[in-house]
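> One structure follows; several queries about it will come next.
The values are calculated or read from the model by the stated rules, or taken from the named source; none is laboratory data. Because the structure is predicted, anything quoted here is derived from the model rather than measured. All Cβ positions, glycine included, derive from the backbone under ideal geometry; neighbour counts span all protein chains shown.
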Amino acid sequence: MSKKIIIIYFSVIILLSLLFSSLYTQIWDPMWNPFRAKPSVVLAEMGDNLTQVKTYHSVLDFEIGITNKEEFNIKGNIIGDRDNSDFENLKYSTDFDLSFAAEGIEFSLAGQSKNIGETGYFKLTTIPALPFLEPMLIMLGIDLNQFKNQWIKVDEESFKEIIGEECNSLQKEKQKEMLKELTNLLKGESFFRVEEEFPDEEINGKMFYHYLVFLDKETIKKIMPEMFEKIMEYTPEEDETKISEGMTEEFLGEFSKGMDEFFKKTGEIDTEIWLGKKDKLPYRIKIEREIDISEFEEGEQGIVTIKLDINLSEFNQPKEIKAPETFKTLDEILIPFYLPLNEGDTFPISEEMFLE
């Protein structure tokens with residue numbers, strides 16, 4: 001065998017080895033790669049990986065429009081950070097901007113909200129001008145401008161001052177335990193099935209899987225009885241006695257039937273999802289759907305348009321979410337509109353009503 005043939009022979013072996021390695025390790029990952037991860041496996045990994053995410057940033061854009069005899073439209077943009085590091089002290093912060101349009105009337109609402117554990121704060125930065133409601137609010141002594149650019153604290157003590165009742169701490173602990181068990185129950189479940197796999201996309205130097213998925217109603221129908229059973233375990237005994245076994249079976253039967261009827265009328269809801277190839281986490285979810293109103297209301301004509309675009313980023317990056325330094329409590333804002341009856345009781349009635 002000549003040296004030339006030997007060199008060619010080893011060159012081919014080396015090239016084939018490099019090709020095999022690049023395909024196996026998915027450094028090069030064309031759609032025909034025999035070692036390419038199956039979409040169902042990727043989605044399962046996504047579900048597991050999401051349970052490990054402690055912090056993330058989100059941007060949500062949505063639009064819902066109804067074109068019928070009249071037109072109604074609501075648009076919104078919600079930007080937020082979330083910190084799940086401490087399950088007992090969840091934190092999130094959002095900025096929201098909403099706009100409404102109906103029958104020639106348009107108005108906007110914008111603000112911020114924060115949540116630190118069981119304490120919430122909210123602030124309105126844009127308050128809609130509502131001429132048709134303002135006279136009524138003035139009669140009740142309510143000035144919406146007092147909510148503008150003012151942080152308002154909402155917590156257990158605020159509700160206690162207003163409704164005169166104390167929240168059941170034992171019940172709250174049970175709710176936390178139930179939430180943990182429901183989260184564990186959902187682990188490993190995939191609620192989507194892949195309809196189409198698109199070529200990988202590179203966005204900002206990062207490679208993504210790109211799928212068209214449909215909601216898997218059969219998985220939802222399967223998991224629902226287990227979830228309901230778990231909820232019943234944490235239902236207070238006095239309420240549980242009111243719910244018979246027959247009522248439970250009837251509810252689950254109606255739920256399953258309702259899902260079938262809903263999807264029969266709406267069809268599959270197309271959902272595009274982009275998953276990071278390295279971390280198998282969702283970075284973008286996009287939904288666009290038009291629904292014929294006549295499918296739900298016989299004799300009615302019109303279209304419901306739904307658009308939803310969610311972008312997620314900054315997974316497990318540090319987030320600093322703090323309570324505002326200055327704020328008013330909810331009872332400080334609302335108690336002026338309430339008159340005490342008996343000790344510890346309140347009744348929602350304005351003092352001005354007695355002065356007329």
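> Could you say whether any residue in region 258-280 is outside any strand (DSSP E or B), modelled with pLDDT of 80 or more, assigned by TED's automatic domain parsing to the domain that holds Val154 and touching a helix residue (DSSP H, G or I) at 6+ places or on another chain (Cβ under 6 Å)?
Yes: region 258-280 contains one or more residues that are outside any strand (DSSP E or B), modelled with pLDDT of 80 or more, assigned by TED's automatic domain parsing to the domain that holds Val154 and touching a helix residue (DSSP H, G or I) at 6+ places or on another chain (Cβ under 6 Å).
> Quickly run through region 50-75 and pick out the residues that are over 14 Å from the mean Cα position of the chain (by Cα) and within 23 Å of Ile321 (Cα to Cα). First the steps, then the outcome.
Initial filter on region 50-75 (over 14 Å from the mean Cα position of the chain (by Cα)): 51-55, 63-75.
Within region 50-75, Thr51, Gln52, Val53, Lys54, Thr55 qualify.
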